[in-house]
Structure formats: structure tokens, C-alpha cells
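The block underneath contains the structure these notes are about, expressed in C-alpha cells.
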Amino acid sequence: MAQRIRTTTVGSYPIPEWLAANPSEQALIDATRVVFDIQRQAGIDLPTDGELYRFDLNHPDTNGMIDYFVRAMDGVRTRLGRSDHEAFQRHAPMLFRRKAAGVVEGPVGEGGLNLLSDCERAASVAGGDFKFTVTSPYMLARTLLDRHYGDFAQLTMAIAEVLACQVAGLPCACVQVDEANLPGNPSDGELAAAAINTVLDRVETQKAVHLCFGNYGGQVIQKGEWQALTGFLNALRADHLVLELAHRPPGDLEALRQVESRIALGIGVIDVKINHVETPDEVAARIERAEKVLGPGRVAWVHPDCGSWMLKRSVADRKIEALVKGRDRYLAV
């Protein structure tokens, strides 16, 4: 029987050490199976594949969230020199990132990007419904030095069209678009929503959007607040949102009362920026407060604030166990 409030994870999971030591296709399949099984044994209702297929020891900083996508695309050069990085720094589209992920020198195309193959690999070992994640076209565009389009909006929408073709027909229960840059740049909300909706409109299953304020080594890397983003959230053609809230000021929750009722809310109740493992009582208390502020029935999902790849596996495993036990404890009251 489905619970009134369901549990999910956000995307990334700690890389098994044996996969990093032997990154073969078979090892990747085996590791993906293990990550799914850990989540299912904990009782997660909608697990993710851990995004293990993106991991590259040579580009570990964002677990492949950026490089995996732009490196494969046509029109993007990823062999960069000093002049490229200096030009990117002068442009400064991302204050916390000094190096460009690539230089756009021609029309952006799918190139070698094949998310269908990646999703099919996950589906072969998932053991049930799962969620597949895709980085937002807006976020990808912010990491690039554009020497072709000459217009940020055109570049963003071109990437959106590429990703839209990639997400069509994916064999999963839910596709989630991940956006970790727009929360620090709310003035771009209209463009970001248009780009993300271009992708969501091609999704044939449940549609989710994850937003957070960034996480690197347990540090918040962007300033902002949910109050400034409610217009953007309401413009999304998503079924539900997956929002960072456990590591946020208490007042942020109030702003979400303005989100339209057609969009189900997912609330972060596990803080991935700290090693403390929440108790089930702490998780239950966070859900209780969210329902008191937002009203009965508005919280449809609970989850960690963000992906957990920067945590040790022993910590991540215990945190998702606490997530499920806390949800169960709250609903049993």
C-alpha cells in the first residue's frame, strides 16, 4: 500500500571503492545493482541509480553533473587552455567556478550523449520503479564559454532542445531535472523555467525538478532564498519538486505556501552537508513542522537535501535508513 508521504533519494550516491579501482562496464552494472539494493532494503519508495555511470576519476569535483553532459555534445570543445579559462573568469557566469567546462564553438548537438543507454542499464538492475536524473540546461549553459551563439538565452535553449530529445521514452518511473545554479540567480527564473519546461515536456512519465543552493565539501556555495523563487517554481510544468530545506533557515519553508497546489512538494529532511546521522525522531519532527506550515496533504515526498556522493557510504546508508524510519514514525502517530 502506497504511503501518503513517499520517500526518495535525490540522485548521486557514494562511489563504491571497488568501482573506482576497476571502472569496467561489468563493475558499473554490479555497483548500480548494489546502490539500488541498499535503497530498497532501507525502504526507499523511489530510488535512483546513484549516477555512478557519470563518475570520472579525472573530473570528480561535481560527480560528472556537468562534464558528463557537455563533454559528449557536438559543438563544445573541452580541451581548454589558459586563454579559455581567463576569458571565462572575465565573463564570470559562476562566481564559485573559475574554470569553464567547455567552449561552445558551433551549434550544440547530441554528439555522443546517449541517456537512453544509461537509463536502460539502470533499468536492467533496478528491481522496480526508479528515478533517472538529468542536469538542467540552464546550469549547463552557465558553465560554458560561448563563442558561437553570442546570446546566453539562445545557448540555454539550444542545450534544452538536445536534452529534450534525450529524455523522450526513457524506461523509468520518473525523470528529474537537477538545477543547482538558478537559486543563486533568481533574476534568470523566466529563462531557466522555459529551458527546463522544454525538457519536461518530452518526459513521458512522472516529472520532477530538484533545486538546491549547491554543495561542495559540505559548504553552501550560493546565497539565496526560496521566497525569491516562488514565481519560477510556479512556472514549472513539473509534477513535483525536490527541494533543499534541512540545511536552510526555518523561514524558507513559509515561502513554499505560495507554490501552486498542482505541484506536489518534496521536502528535504536529511542534511547531506553534515555527517550527523539524523534520528527517526528528528526526521519525524521536520516532517511535522513542514505539514503544519504548508498544510495537510501538501508534502508528498521526503528526501535528503541533495545527492550524497560526498558522504562516506556508512553515513549515507544510515541517513536513508533514518529517512524511512522517520517518515514511518510520523505517519504512525
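The values are calculated or read from the model by the stated rules, or taken from the named source; none is laboratory data. Nothing here was measured: the structure is a model prediction, and the numbers come from that model. Positions of Cβ are generated from backbone atoms using ideal geometry, with glycine treated the same way; all protein chains shown enter the neighbour counts. Remember, those area values only see protein heavy atoms, side chains included, never the ligands or the DNA or RNA. Shrake-Rupley method; radii C 1.70, N 1.55, O 1.52, S 1.80 Å.
Couple of notes before you dig in:
Residue-by-condition table, conditions (1) assigned to a loop (DSSP other than H, G, I, E, B); (2) within 19 Å of the chain's Cα centre (by Cα):
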| position | (1), (2) |
| --- | --- |
| Val76 | no, no |
| His85 | no, no |
| Leu116 | no, yes |
| Cys119 | no, yes |
| Leu140 | no, yes |
| His148 | yes, no |
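- Any chance Ala153 is assigned to a helix (DSSP H, G or I), within 24 Å of Asp84 (Cα to Cα) and out of contact with any strand residue (DSSP E or B) (no Cβ under 9 Å at 6 or more places or on another chain): yes
- Of all the residues in the stretch 138-169, those that are open to solvent by 30 Å² or more (accessible area, probe 1.4 Å) and of a type in the set (S, T, N, Q) number 1.
- Restricting attention to the stretch 35-59, the residues that are farther than 22 Å from Val299 by Cβ, modelled with pLDDT of 90 or more and crowded, with 18+ Cβ neighbours inside 10 Å add up to 9.
- Residues in the stretch 170-209 that are open to solvent by less than 40 Å² (accessible area, probe 1.4 Å) and among the small types (Gly, Ala, Ser) were compared, and the one that is nearest to Cys306 (Cα to Cα) is Ala180.
- In the stretch 73-89, the residues that are touching a residue at least 12 places away in the same chain (Cβ under 8 Å) and either open to solvent by 80 Å² or more (accessible area, probe 1.4 Å) or at negative phi (or both): Met73, Asp74, Val76, Arg77, Thr78, Leu80, Asp84, His85, Ala87, Phe88
- Filtered residues of the stretch 308-333 (kept if among the aliphatic types (A, V, I, L, M) and touching a helix residue (DSSP H, G or I) at 6+ places or on another chain (Cβ under 7 Å)): Ile320, Ala322, Leu323, Val324
- Here Val242, Val167 are screened, and the one residue that is in contact with a Gly (Cβ under 9 Å, 6 or more places away or on another chain) and β-branched (Val, Ile, Thr) is Val242.
- Verdict on Ile267 being farther than 28 Å from Arg318 by Cβ, open to solvent by less than 10 Å² (accessible area, probe 1.4 Å) and in contact (Cβ under 8 Å) with a residue 12 or more places away in the chain: no
- Boolean, Ala255 is modelled with pLDDT under 95, open to solvent by 20 Å² or more (accessible area, probe 1.4 Å) and either farther than 23 Å from Ala2 by Cα or in contact with a helix residue (DSSP H, G or I) (Cβ under 6 Å, 6 or more places away or on another chain) (or both): no
- When residues of the stretch 299-333 are limited to those that are out of contact with any Cys (no Cβ under 7 Å at 6 or more places or on another chain), open to solvent by less than 40 Å² (accessible area, probe 1.4 Å) and assigned to a loop (DSSP other than H, G, I, E, B), the one farthest from Ser261 (Cα to Cα): Leu311
- Taking each residue of the stretch 142-164 that is within 21 Å of Glu204 (Cβ to Cβ) and looking for partners that are open to solvent by 60 Å² or more (accessible area, probe 1.4 Å) and of a type outside the set (A, V, I, L, M, F, W, C) with beta-carbon atoms closer than 8 Å, six or more apart or interchain, yields Val162/Glu110; Ala164/Asp201; Ala164/Arg202.
- Test for Ala238: is it within 18 Å of the chain's Cα centre (by Cα), at pLDDT 95 or above, assigned to a helix (DSSP H, G or I) and over 26 Å from Asp317 (Cα atoms): no
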